[in-house]
């Protein structure tokens with residue numbers, strides 16, 4: 001692979017696949033095949049990116065082979081069987097977050113895949129440019145040792161809209177029946193960011209709420225965690241917050257021994273030194289960057305034999321933390 005283009009196949013041609021395919025293309029990979037159970041979706045992506053091989057059955061795609069990596073961007077129920085199919089075919093794996101629907105399933109697939117192929121989870125929030133700025137400032141020693149961290153997200157995507165369904169239901173129709181929403185679908189990103197910044201965390205308490213009518217999954221959450229040396233971390237969010245954008249925005253505050261960083265939507269600054277430190281990020285214009293960075297890091301790790309930042313074992317810790325939120329909130333979790 002060091003002497004030729006990396007050959008990639010994609011499974012799952014929904015909304016998020018567009019950003020994956022753009023990133024593989026920008027990284028110089030050759031996309032040889034796409035697959036979706038709704039063949040029309042696969043054909044659309046194939047036409048957009050000039051891909052000749054189109055499948056509605058992944059087994060057929062693996063039987064024909066001819067690729068080094070599979071990017072599994074299908075719904076979460078397909079992640080484990082597709083990862084096993086890839087490992088059995090000697091194909092390296094990138095799988096969209098969350099790795100699996102439960103920790104138990106993730107542990108099983110990790111054990112089944114073993115070290116036969118490389119296996120990375122596409123958890124890209126930590127690579128978003130505003131979060132990367134926070135990480136850079138911390139690495140530069142601007143605030144010293146982290147002592148406290150708080151992260152939150154707010155959006156109005158599940159607020160009622162006159163004459164039509166809420167924005168997020170229109171965008172993600174499966175939320176009408178999906179039993180876990182905010183923490184599983186969205187705040188797993190924020191939990192991963194916290195683990196990236198401060199290391200291990202344990203959930204102390206959690207409360208989940210449902211403000212939107214008629215949906216089985218939670219849309220509001222408050223989580224209290226603790227880390228090493230007495231560190232306290234909090235995470236809270238709501239997708240039913242009137243006045244906020246339909247797609248949620250984030251706030252992060254990192255308190256250190258000698259300074260405090262705040263990231264508020266697209267602005268990052270040092271508290272008390274706002275005028276001289278503020279940086280602003282064009283979140284919409286730079287949205288593609290986190291996909292590009294994640295996929296470049298996968299390619300680098302694959303070719304150099306170095307660890308992935310979001311390796312399957314590291315990401316398992318994120319999945320475990322997410323699941324422990326539900327357990328702390330009194331929600332039964334499959335073992």
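The values are calculated or read from the model by the stated rules, or taken from the named source; none is laboratory data. What you see is a predicted model, and the numbers here were worked out from it, not measured in a lab. Cβ placement follows ideal geometry from the backbone for every residue including glycine, while neighbour counts extend to all protein chains displayed.
Numbers for the structure displayed
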item	result
Looking only at the stretch 277-302, and only at residues there that are over 15 Å from residue 126 (Cα atoms) and assigned to a helix (DSSP H, G or I), the one that is farthest from the chain's Cα centre (by Cα)	277
Residue identified as buried (at least 20 other Cβ atoms within 10 Å of the Cβ) and free of Cβ contacts under 8 Å to residues at least 60 places away in the same chain among 4, 45	45
Residue tally, condition in contact (Cβ under 8 Å) with a residue 40 or more places away in the chain and closer than 15 Å to residue 22 by Cβ, over the stretch 256-299	13
Among residues of the stretch 221-250, those that are part of a strand (DSSP E or B) and buried (at least 21 other Cβ atoms within 10 Å of the Cβ), counted	8
Yes/no for residue 314 being farther than 16 Å from residue 125 by Cα and surrounded by fewer than 19 Cβ atoms within 10 Å (Cβ to Cβ)	no
Any hit, the stretch 312-329, residues being assigned to a loop (DSSP other than H, G, I, E, B) and not assigned by TED's automatic domain parsing to the domain that holds residue 154	yes
Listing of helices (runs of 4 or more DSSP H) fully contained in the stretch 70-170 that carry 1 or more residues being surrounded by fewer than 22 Cβ atoms within 10 Å (Cβ to Cβ), assigned by TED's automatic domain parsing to the domain that holds residue 260 and in contact with a helix residue (DSSP H, G or I) (Cβ under 8 Å, 6 or more places away or on another chain)	129-139
Residue in the stretch 251-274 that is modelled with pLDDT under 95 and not in a loop (DSSP other than H, G, I, E, B) present	yes
